[in-house]
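Inspection log for the structure reproduced underneath, given as C-alpha cells.
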C-alpha cells in the first residue's frame, strides 16, 4: 500500500514536471498573452490541463484495456500535429490588428470560449498519450491502478500549468496600460511559438524520419 502511494506521489510530481515542457509552455503563452486579468491567465492553465488530462485518461485507458499501443508512425504523427498547432497559435498572435485598442482586445478575448483552450490541451494530450501509457503500464499492474495513476498525473499537470500561467500572466496584465508594449509582448509570444512550431515539425518530420515512414 505504501509503495503504491509512493508511485501515485511520483506520478503527481511527474505531472507537474510534464506541464512545463517547452511545447506546452509556448502554446499557453500565446493564449495568456491575450489575457488582461490574472484570473483569466489562471483559468487558461486550468482548462488546458483539463483538456490534456481528459485525453490521457480516455486514450490511455482505451489502449490499456485493448492491451495495445500506438505505432511509432501514428505516435509521431500526433506529435507533428502539435507543431502545426504551435505555428497556427503563433500566426494568430503575430497578426495584431493595430486598429483595435487594448481595452477592446481585452473585451473580445473575455468573450472567447474556454472550450478552445481545452481543445488545445486535448491536442497536446493526444501527442503524449502513447508515452503516458508506456509509463503507466511499466509502473502499475491493474486497470484500476492505471486509471488512478493517469488521473493523479493529470492533477499534477493541471496544478503545474495553472501555477505557470498565473505567473507568466503578470507581465501581460500590467502591460495593458501601454498599447505598444502590449502588442510587442503578444507578437513576441507569437513569434516564439511560430518558430518553435517550424523547428518542431522539421525535427519530427525530417530528423526523426516521420516523412519517410509515410512514403
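The values are calculated or read from the model by the stated rules, or taken from the named source; none is laboratory data. All figures in this text were calculated on a predicted structure; none of them were measured in a lab. As a convention, Cβ positions derive from the backbone with ideal geometry for all residues, glycine included, and neighbour counts pool all protein chains shown.
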Open item on the list: Test of understanding: among 131, 127, which residue is within 18 Å of residue 63 (Cβ to Cβ), surrounded by fewer than 17 Cβ atoms within 10 Å (Cβ to Cβ) and under 19 Å from the mean Cα position of the chain (by Cα)?
Closed with: 131
Task: Candidates 179, 158, 167 - the one that is under 27 Å from residue 47 (Cα atoms) and in contact with a helix residue (DSSP H, G or I) (Cβ under 7 Å, 6 or more places away or on another chain) - done: 158
Open item on the list: Looking only at the stretch 4-42, count every residue that is more than 23 Å from residue 138 (Cβ to Cβ) and free of Cβ contacts under 8 Å to residues at least 40 places away in the same chain and tell me the total.
Closed with: 1
- [ ] Assess whether residue 165 counts as being modelled with pLDDT of 75 or more, closer than 30 Å to residue 206 by Cβ and crowded, with 22+ Cβ neighbours inside 10 Å.
- [x] no
TODO: List the number of the failed condition for residue 147; all other conditions in (1) more than 17 Å from the chain's Cα centre (by Cα); (2) at pLDDT below 85; (3) under 21 Å from residue 54 (Cβ atoms) hold.
DONE: (2)
Open item on the list: Being within 18 Å of residue 37 (Cα to Cα) and buried (at least 16 other Cβ atoms within 10 Å of the Cβ) is the filter here; which residues of the stretch 180-199 pass it?
Closed with: 182, 183, 185, 186, 189
TODO: Go through the stretch 79-89 and count every residue that is surrounded by fewer than 19 Cβ atoms within 10 Å (Cβ to Cβ) and within 16 Å of residue 55 (Cα to Cα).
DONE: 1
